[in-house]
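The values are calculated or read from the model by the stated rules, or taken from the named source; none is laboratory data. Since we're looking at a predicted model, the values are computed, not measured. Glycine gets a Cβ as well: all are built from the backbone with ideal geometry, and neighbour counts include every protein chain shown. For the accessible areas, the whole protein counts, side chains as well, though only heavy atoms, and no ligand, DNA or RNA atoms are used. Shrake-Rupley method; radii C 1.70, N 1.55, O 1.52, S 1.80 Å.
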Amino acid sequence: MLPFIRSDLAQLVSYTPHPGGDAGRPAEGIASIIDRLDTNESPFDLPEDLKQKLGWSVQQELESNRYPDGGHAALKRAIAQYATESASLPAAIVPDQISVSSGSDELIRSLLIATCLGGEGGILVADPTFSMYAITARTLGVPVVSVGRSEVTFETNLQAAQAALEAPTSPPIRAVFVVHPNSPTGNSLTAAEINWLRQLPQQILAVIDEAYFEFSGKTLLAELPQHPNWVILRTFSKAFRLAAYRVGYAIAHPELAATLEKIRLPYNLPSVSQTAAALTLAHRQELLTAIPLILKERDRLLTTLSQLSAWHIWPSTANFLFMRLKSGSDADLERCFTALRRQGTLVRKTCGGLRVTVGTPEENERTLARLTQMSM
Ligand SMILES: *Cc1c(COP(=O)(O)O)cnc(C)c1O
């Protein structure tokens, strides 16, 4: 390794954006139709009229020689309004409570910089969970403490989590990352987990990642005013169908939001992404009509797959399902993953199981047929 590169980066394994192959396509391209069910995106592109509006705006309004709006003022106002409405809050969320970023991935990094960098703290996660928290922490030299989950319900082992917080570690744990509902396992936070977050000491930040909020309908936003040590992350990459544009946002105490604004790069969000996000918010009623269909398809997948004797499949409050072989080795799982891929169904092999995104009805039909026919 080049001698000027930090030695701890040699061991770092980066996030695999498309486990099924480059740009979502299998390397050998054996199948002609590829079902990309490996990254939990919406299976539906933007409707044609919205694409045209966006295209028109790029052609007629966007000055490509000018830097984007570095303050995201209009977008923050629209997000504040949507967030308030999404949780029927008594008091409105204000733009000062919001920070917008290039995907919520950027916010995860900003939060680590704001809380832990420079040897000030470590983070706590409960595995299996979204791998970006630990990966991003390691890129910054921030220590990661992992605790387990129930093998039955995937609820966090709260005793282990509390013990980890109380252990005299140096540096101390400064941030706890939870996903509501969790990825890859699809479970929402339980009452016990939420109670545990409520009693966290004020010097520990709770990062509550609600990337799948529009599917689960569950949010902790209403309690945010009572908890200055909570931050809620959301994204336009899933239900809002904008994964290509990379827009995420945080809702937090104004002081934390201001700190996130201080840390981020000045022009972190391209003009076209800001326009796209504002446009989807303006048309949210139309876009979110796809949610009930996706949930219906998820439940159909769950019901049918539950009848397969080889698999244990868990219920989910998100737009994906997690399944494990009841018995068998990792090689058996790899064989299933590869067989699906060869037929054109890309899923994510992770945490000893498969995470399958709910696709269009046609895609789900193929997923069901392929898993049903698979000889174990
Ligand atoms: C998909 C996802 C995100 C969204 O990331 P973006 O960078 O906004 O695309 C965040 N958190 C979790 C747990 C996710 O699954």
| request: Quickly estimate the mean residue ellipticity at 222 nm for the chain, helices only: each DSSP H run with n ≥ 4 gives -39500 (n - 2.57), and the total goes over all residues, rounded to 500. | output: -11000 deg cm²/dmol
| field | Listed peptides 161-172, 41-52 by packing density, highest first (mean Cβ within 10 Å) | value | 41-52, 161-172
| note | Once 133, 245 are ranked on solvent-accessible area with the largest value leading and a 1.4 Å probe, the list reads 245, 133
| task | Could you count how many Lys pairs in the chain have their Cα atoms under 26 Å apart, skipping same-chain pairs fewer than 8 positions apart? | result | 14
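Counting other Cβ atoms within 10 Å, which trypsin sites (Lys or Arg not before Pro) in the range 280-338 have at most 16 and lie in a DSSP loop?
Those that pass, being in a loop and sparsely packed, are 326.
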| request: Rank by packing, highest mean first: peptides 211-219, 134-142, with packing defined as the count of other Cβ atoms within 10 Å averaged across residues. | output: 211-219, 134-142
| message | From zero outward in steps of 10 Å, how is the percent of C-alpha pairs of the chain spread across the bins? | response | 5, 22, 31, 27, 13, 2
| task | Return one whole number: the accessible area per residue of the chain in Å², for a 1.4 Å probe. | result | 46
| message | Going by Cα centres, the range 207-258 and the range 82-111 are how many Å apart? | response | 5
| Which length gain, in nm to one decimal place, applies between residue 372 and residue 45 when the Cα-Cα distance is subtracted from 0.36 nm times their residue separation? | 114.9 nm
| query | In square angstrom, rounded to the nearest 10, how much accessible surface does residue 249 have for a 1.4 Å probe? | reply | 0
| message | How large a share of the accessible area of the chain, in percent, is made up of carbon and sulfur atoms when the probe is 1.4 Å and the other protein chains stay in place? | response | 54
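Under 8 Å for C-alpha pairs, at least 6 residues apart: give me the relative contact order for the chain, rounded to a whole percent.
Computed over the chain, the figure is 23 percent.
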| Label residue 338 and residue 117 with points 7 Å out from Cα along Cα→Cβ: what is the distance between them in nm? | 4.3
| said: Rounded to the nearest 5, what % of DSSP beta bridges with both residues in the chain are antiparallel? | reply: 55
| Which cross-chain or sequence-distant (5 or more) residues have an amide H under 5 Å from the amide H of residue 155, H modelled 1.01 Å from N in plane? | 150
| field | Linear extension gain, residue 296 paired with residue 190, 0.36 nm per residue minus alpha-carbon span | value | 35.9 nm
| query | Given a Förster distance of 30 angstrom, what is the FRET efficiency for residue 32 paired with residue 7, based on the Cβ-Cβ distance and rounded to 0.05? | reply | 0.05
